[in-house]
Structure formats: structure tokens, C-alpha cells
């Protein structure tokens, strides 16, 4: 379908065709729309449509989403976001043991968050090198109409903040997705990283206030960020 559209459309018609398809508000249509917008040079629109794909994804469209991502060139912030969001969604489906976690404690004097999302991300479009250049486009995603009205949007807001935390201080995380790399020369901002983690937890807290049946999600996030137990000391 996408190849047919590419063969029929002229350069000036890419974004118009993307807008028409995006009205269907389904993951398959939005994936095609994002690729059309990117083909027409409307990269911000393409990123917004791709974000809508993630909002609507209930877990059944990861192959389609990662395939779409390979056609959105130079969108490295989206590669990082998909890596984090895919693993976060998968971990949130697992059964975690909050009682043992609440009983445990460890010293975090080394400012290590022990981020327990590590693992291979299948279908990603290659490694992404974390740098401060990813910060602004990720921040734009937070300001693109995300709400906390659904579980999917709440978790996506969490994932964007986690991605920003990684960009701020990748060395603070002991276990990152396999596709993520960073330069040893990259400067870390530990306090900005901590602020992003607090915002991630605040977003999840705000959602669970609206939907108390999902109150366990905030505790799950805490367990993933600090799997050895609750920190015994705060950041200094």
C-alpha cells in the first residue's frame, strides 16, 4: 500500500495524503501517515503521528511500529523512546514482588538507579548513541498533547521522561536497553536525571488517582528503577 502511494503522489502531496490517512486514528493508518509526512519533509508532523501510533498501541503492533521507525530517518530520539517504551510495557506486564522490595534497602551513594529495563530490543533500526542533541526533540513530544486519561498515554509519558533521564545522565543507569550506547565523554547531569524520574513517577501517580485500579503501576515503576530495594538515602 505504501509503495503504491509513493508511486502516485508528487512531492507537494505527501503531507496532504498523510493528514487524510491520520484521520482514521488507527495504528496501521498512522504508521503510513507518519512515513508519508517524513517523505514530504514534514519531520515534526511525522514524529507527532508516530507518537499517536504509540498512544494507540495496545501491545499488538510492535512489529509494525518498528518497521515504520526504520523509514523515519534521523529520528534518533524516537529510536530511544521506542526502546524504552517497548521494554517498559513488557516489564509492566510481568508479575513483580512488592513485599520483598519494600523490606529491602540499599545504599545509593554512587547515584546508581539500577535501571532494570535492560535487554535486547528486537526490531529496532540500529543502535542509538545517547547525546544531549536528543533532549529537545524528546521535550517536544511531552508538549504534543499527551494526557493522562488512558493507561497507554500515561505509560508513554513515563517512557518519554525515562528517555530524558537517560539522556541527562546515562552513566547513572547500570542496565540499559542493548541498543543504547553513550560516549564516555558525555557530561552527566544527575539532578536533571533525578528530576525527570520524579516527573515520570508524578505522571503515573496522576493517572492512578483517576484510575485507582491501576494503583500498582507506580509501585512497579519504583521496583524497576530500584530493583534491589527502596533507596536508603536520597540524592545529594
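Since every read-out is calculated from the coordinates, none of them should be taken as a lab result. Note that the structure is predicted; figures quoted are calculated from it, not measured. We place every Cβ from the backbone using ideal geometry, glycine too, and count neighbours over all the protein chains shown.
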Report task. Arrange the peptides 128-135, 56-63 so that the one whose residues have, on average, the most other Cβ atoms within 10 Å appears first. Result -> 128-135, 56-63
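Rounded to the nearest 0.05, what FRET efficiency do residue 95 and residue 205 give with R0 = 22 Å and r taken as the Cβ-Cβ distance? Could you check?
Numbers: r = 22 Å, r/R0 = 0.98.
Once the sixth-power term is evaluated, E becomes 0.55.
Order the peptides 87-93, 198-204, 151-157 from the highest to the lowest mean number of other Cβ atoms within 10 Å of their residues.
Details: 87-93: 17.1, 198-204: 19.1, 151-157: 20.7.
Highest to lowest by the protection proxy: 151-157, 198-204, 87-93.
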Query raised in the report: Going by how many other Cβ atoms sit within 10 Å of their own, how do 65, 160 line up, fewest first?
Result: 65, 160
Requested in this report: Which order do the peptides 36-44, 165-173 take when ranked by the mean count of other beta-carbon atoms within 10 Å per residue, highest first?
Outcome: 165-173, 36-44
Report task. Kindly identify the stretch 126-175 as rounded, prolate or oblate by the Cα gyration tensor criterion: order the square roots of the eigenvalues as a ≥ b ≥ c, call it rounded if a/c is under 1.5, otherwise compare a/b with b/c, prolate if a/b is larger, else oblate. Result -> prolate
Query raised in the report: Given a Förster radius of 35 Å and the C-beta distance between residue 192 and residue 26 as r, what FRET efficiency does 1/(1 + (r/R0)^6) yield to the nearest 0.05?
Result: 0.45
